[in-house]
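The values are calculated or read from the model by the stated rules, or taken from the named source; none is laboratory data. The model shown is predicted, which means the values in this text are computed figures rather than measured ones. Here the Cβ positions follow ideal geometry from the backbone for every residue, glycine too, while neighbour counts run over all protein chains shown.
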Amino acid sequence: MKSGVSRLKRIATRANSGSLFGVIYVVLGLLAFAIQDAIVKQLTTNYPVLELLTLRSMVVMLGLIAIIIAVSRRGHVEPGARSLFHTTRPFLLLLRGAFAFFAFTAYYLALSRMPIADAAAIYMSAPLFVTALSVPFLNEKVGLHRVLAVIVGFLAAVAMIRPGSSVFQVVAVLPLFSAITYAFIPIVNRKVGVSQPALTMAFYTIACYLFLCLVSYVLVHFVSWQIDPDSVFANLAEHWRPMSPVDLFWTVISGLFFIGGLLGLTQSYRLLPVSIVAPFEYSYLIWATLLGFLVFGELPGAHTFFGGLVIVLCGCYITYREHSVARAKSSA
């Protein structure tokens, strides 16, 4: 009897430890993403977004290959796996990379024209979309309270864009598009589950990401695009510019931070359910606002502050309701 109780205690301890590490992974991962976003935003003043994304993706790919080789040599490959370069779910992982490409490209285009805190506040509606998408794609049950919270949060994001007003800008729609496409990434993560190591998932994601960057590069250089030079999308049609050694150094640094953020988020979603991890992604809003002030001297306006606050509160309420439902089921 005592041995059974001890065994249950050890299981509970491991579960709590996994939950704690899952939260730490996502918070630190979002900090890494915020730092690299600030670096990319600074570099977009001199270079096209696609150039920065392509070079950064190359850095990330080389870094992941080096990490995978080092881990494999130490014998840390999971039992039964051929290698960390092998996957049994190639389609899902490549699909994950495609979602990442569209999500991050749209977001960095927004950063080239918007304060980082404003873009981040709209982008932080992503966890709400994760909750909404978990119903049709993961068969998770979401009650009326959570549905209403998602709707209110979405309306707050739309209010920050202010469609129909004199201050509306098309660029403000890009973070919302980024949030919607990004929301599919954790959904794919849960579909894959723990069957694939975090390094393998990251490798295939970046492989697809880099491939799409190179395809975009070819389209930019060999296809004539008629785009209004004042449009935010004109940045996509710009040809590459020679990069100074200092800027190349910062591009490499941004790639290293991206690796840290990617692995942190991937691991967190492997350890914990989407409904638990998603609300902690709001920590990105804190990091982005802080870096926006320290690096660019930007402070969010009143509409951004209140809109972001509503989104965060909706996300927290969703988390509260999910835990309440889980407790009720366990006690029944």
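From the set of residues in the range 291-304 that are surrounded by fewer than 15 Cβ atoms within 10 Å (Cβ to Cβ) and in a helix (DSSP H, G or I), which is modelled with the lowest pLDDT?
302
Go through (1) touching a residue at least 24 places away in the same chain (Cβ under 8 Å); (2) surrounded by fewer than 23 Cβ atoms within 10 Å (Cβ to Cβ); (3) over 15 Å from residue 248 (Cβ atoms) and name the single condition residue 69 misses.
Exception for residue 69: condition (1).
Being of a type in the set (D, E, K, R) and within 30 Å of residue 93 (Cα to Cα) narrows it down to one of 270, 241, so name that one.
It is 270.
Hey, can you tell me all the residues within the range 199-243 that are charged (D, E, K, R) and surrounded by 11 or more Cβ atoms within 10 Å (Cβ to Cβ)?
Within the range 199-243, 238, 241 qualify.
Is at least one residue of the range 251-267 assigned to a helix (DSSP H, G or I), touching a helix residue (DSSP H, G or I) at 6+ places or on another chain (Cβ under 9 Å) and farther than 30 Å from residue 21 by Cβ?
Within the range 251-267, the subset assigned to a helix (DSSP H, G or I) is 251-267.
With touching a helix residue (DSSP H, G or I) at 6+ places or on another chain (Cβ under 9 Å) added as a condition, the list becomes 251-267.
Checking the rest, the ones that are also farther than 30 Å from residue 21 by Cβ come to 251.
So far as the range 251-267 goes, yes, one or more of its residues are assigned to a helix (DSSP H, G or I), touching a helix residue (DSSP H, G or I) at 6+ places or on another chain (Cβ under 9 Å) and farther than 30 Å from residue 21 by Cβ.
So in the range 246-269, with the set limited to residues that are closer than 14 Å to residue 203 by Cα and of a type outside the set (A, V, I, L, M), which one is surrounded by the fewest Cβ atoms within 10 Å (Cβ to Cβ)?
Here the answer is 260.
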